[in-house]
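The values are calculated or read from the model by the stated rules, or taken from the named source; none is laboratory data. Source: prediction; values computed, not measured. Because the Cβ atoms are built from the backbone with ideal geometry, glycine has one as well, and the counts that use them run over all protein chains shown.
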Amino acid sequence: MAAKAKQAEAAKLHDRGVELWLGGQRDEAIATFRQALGLETDAISLQLRDTLPNSYSDPDATPGDPINLQQQNAFAAYRNTVRLTTDDALAWFNIGLTHEKEGRSAEAEQAFIESFKSYHRTHAAKALQGGGKAAINFCQRVVEIDPKDAKAWINLGAALGQAEQPDEEIEAYRKAIQLAPKYAEAWYNLGVAQARREEDAGAIQAYKQALLLSPKFAKAWFNLGVLQGKLGNPHEKIRSYRKAVESDPNFGEAWHNLGVILSAVGKQKEGSAAFQRARKLLNPKFRIAESIESISIKRPS
C-alpha cells in the first residue's frame, strides 16, 4: 500500500475509532485503534493529535462519569508525553484511554507504557539522523525505559558509533545479541563495528552469523565480500558479491564490485556485464569510479 493510501486509511480508522469510543462501543474502538497501529506514519500525527477527543481539559467530553482530578493529571501527563510523536504512540494512548474508562487498569497501564516507549523510540530514531550527544541521550533513555529491548541497544550502539566510541558501541551490540541471539541486524552491526576497527576475523564471523539468520541480507553479503577480498580470497569474494546481487538485484555497488573482481580474475565478459548493470543503477560519480577501476584492471602490472 502506498504511503499516502496508508495515511488516508489510518486517518479513517482513527476517526472511526473515535466515533465508536464516543458512542460507547469501546471494545470496537479498541480493535479499530489497534488496526490503525499497523498503518500510521509521522505524516498525519500532527493533524490527528488535536482533533481526537482525548483532552481532559473537559472531562465531560468522554463517555461515562467524569474522571477525578488525579486521573485528569495522569492523563494530561500521558498526553503531553505522546504529543508531537508518531501515530503509533497516539493509537496506543487511545487504547489505554479506552481501557481506563472501562476500569481495566492493567490493560490501560500496558497501553500507556507502549505509548511512552513509542514516543521515545521515534525520537531516538530521529536523533540518530543528526548524531551527536543528543542521539546518545535519546537512545540511552530508551534502553533505560526497557533494558530488554534489543532494538534499543542496537540504536544505542549506532549512536555510540557515530560519536566514535567503539568499545561502548560493540558492547551495546553484544547486549542486543545477548537479548535476541537470532536478531540478524545485531550481528550485522557488530560486524560493521569490528570491521571499522580492522578486527576482520571477528567481523567475518559476525556477518556469517547474520547470514545464517537472514540468508538474503544483501548488505551482509556485500560487506563479507569486501573482507574476503581484503584477506585474499577472490573466489569467496565473487560468491559473496553474487549472493548480494541475487538478494538485491538493484544493489549497484555490489554489481560494481562484482565487475571489478570478475575482471581481475580474467572473466572479462561477465565483468563487463556486471559493470553495465552497475552503470544503470549508480550515480555519475560511481560511473567514473567504475571506469577508472576497469581501466586499471586491464593494464598489465
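Okay, here's what the table says:
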| read-out | value |
| --- | --- |
| Residue list for the range 95-132, filter: of a type outside the set (Ser, Thr, Tyr) and modelled with pLDDT under 70 | Glu102 |
| Search result, residues across the range 121-174 that are more than 15 Å from the chain's Cα centre (by Cα) and among the β-branched types (Val, Ile, Thr) | Ile136, Val143, Ile145, Ile170 |
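For (1) touching a residue at least 12 places away in the same chain (Cβ under 8 Å); (2) among the acidic types (Asp, Glu); (3) farther than 29 Å from Ala127 by Cβ, each residue gets a yes or a no:
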{"site": "Ala158", "(1), (2), (3)": "yes, no, no"}
{"site": "Glu169", "(1), (2), (3)": "yes, yes, no"}
{"site": "Trp187", "(1), (2), (3)": "yes, no, no"}
{"site": "Asp200", "(1), (2), (3)": "yes, yes, yes"}
{"site": "Lys208", "(1), (2), (3)": "yes, no, yes"}
{"site": "Asn233", "(1), (2), (3)": "no, no, yes"}
{"site": "Ser240", "(1), (2), (3)": "yes, no, yes"}
{"site": "Lys243", "(1), (2), (3)": "yes, no, yes"}
